[in-house]
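Take a look at the structure below.
The values are calculated or read from the model by the stated rules, or taken from the named source; none is laboratory data. Everything quoted here is computed from the prediction, not taken from an experiment. Reconstructed Cβ throughout: ideal geometry from the backbone, glycine too, with neighbour counts over all protein chains shown.
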Amino acid sequence: MLRFVALGLIVLPIVEIAIFIKVGQTIGLLPTLALVIGAALLGMLLLRLQGLSVLMQLRSNVSAGHMPARTIADTMMIGLAAVFLVLPGLLSDAVALLLLVPGVRSWIYAALAKRVTTVASTRARAPNDPHGRPLKGPGTIDLDQDDYRPQ
C-alpha cells in the first residue's frame, strides 16, 4: 500500500503538469489560469455550503440518537475535497469538485458501505433492579445515606 502512495506522489505532479501544458496549448495561458482560479473559488464556495450543511446534519443525527455514519463519511469526503482544492492542478480540482457534489458522495458511500461490516458492541454493566439500583451480591458494599457524606 505504501508503494502505491509513493508512486502516486511521483505520478500525480507529472500528470498535473501534462494537463496544464495540454490545456494551455489548447485554450491559452490566461484562460487556463482563469480556469484554475475559478475552480478554486467555486470549490471554496461549494466547500463552505456543503460543509455547513453536513455539520447541521451531524448535529441533528447526534441529538436524535442516530449513528451518524453517513454524515461522518460526507465530512471526510468534503475534507478530502478541501485537500484536493489546496493542491495546484486541474485534475485535483476536478476530483475535488466531484467530491463536493452530494450525488457523487452518495455513490461513493454506497460503494464503500458494501465492503464494510458494522459490529455493534455494548459495555457490560451490572444488572439493576427496577429502580435502577445495582443488585446486591457477595462483592457489593451497600452504604446508607448516613454512612457517607459528599465532599
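What tally of residues in the stretch 24-69 results from selecting those that are surrounded by fewer than 12 Cβ atoms within 10 Å (Cβ to Cβ) and outside any helix (DSSP H, G or I)?
4
Can you spot a residue in the stretch 133-146 that is of a type outside the set (D, E, K, R), surrounded by 10 or more Cβ atoms within 10 Å (Cβ to Cβ) and modelled with pLDDT of 75 or more?
Within the stretch 133-146, not a single residue is of a type outside the set (D, E, K, R), surrounded by 10 or more Cβ atoms within 10 Å (Cβ to Cβ) and modelled with pLDDT of 75 or more.
This table checks each residue for (1) among the small types (Gly, Ala, Ser); (2) more than 16 Å from ALA81 (Cα to Cα); (3) touching a residue at least 12 places away in the same chain (Cβ under 8 Å).
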{"position": "MET1", "(1), (2), (3)": "no, yes, no"}
{"position": "PHE4", "(1), (2), (3)": "no, yes, no"}
{"position": "GLY8", "(1), (2), (3)": "yes, yes, no"}
{"position": "LEU30", "(1), (2), (3)": "no, yes, no"}
{"position": "ARG48", "(1), (2), (3)": "no, no, no"}
{"position": "LEU52", "(1), (2), (3)": "no, no, no"}
{"position": "GLN57", "(1), (2), (3)": "no, yes, yes"}
{"position": "ASN61", "(1), (2), (3)": "no, yes, no"}
{"position": "PRO68", "(1), (2), (3)": "no, yes, no"}
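Output the number of the condition that GLY51 fails; it satisfies all remaining conditions of (1) out of contact with any helix residue (DSSP H, G or I) (no Cβ under 8 Å at 6 or more places or on another chain); (2) at pLDDT below 80.
(1)
Residue under question is LEU80, and the condition is that it be part of a helix (DSSP H, G or I), touching a residue at least 60 places away in the same chain (Cβ under 8 Å) and surrounded by 13 or more Cβ atoms within 10 Å (Cβ to Cβ); does it hold?
no
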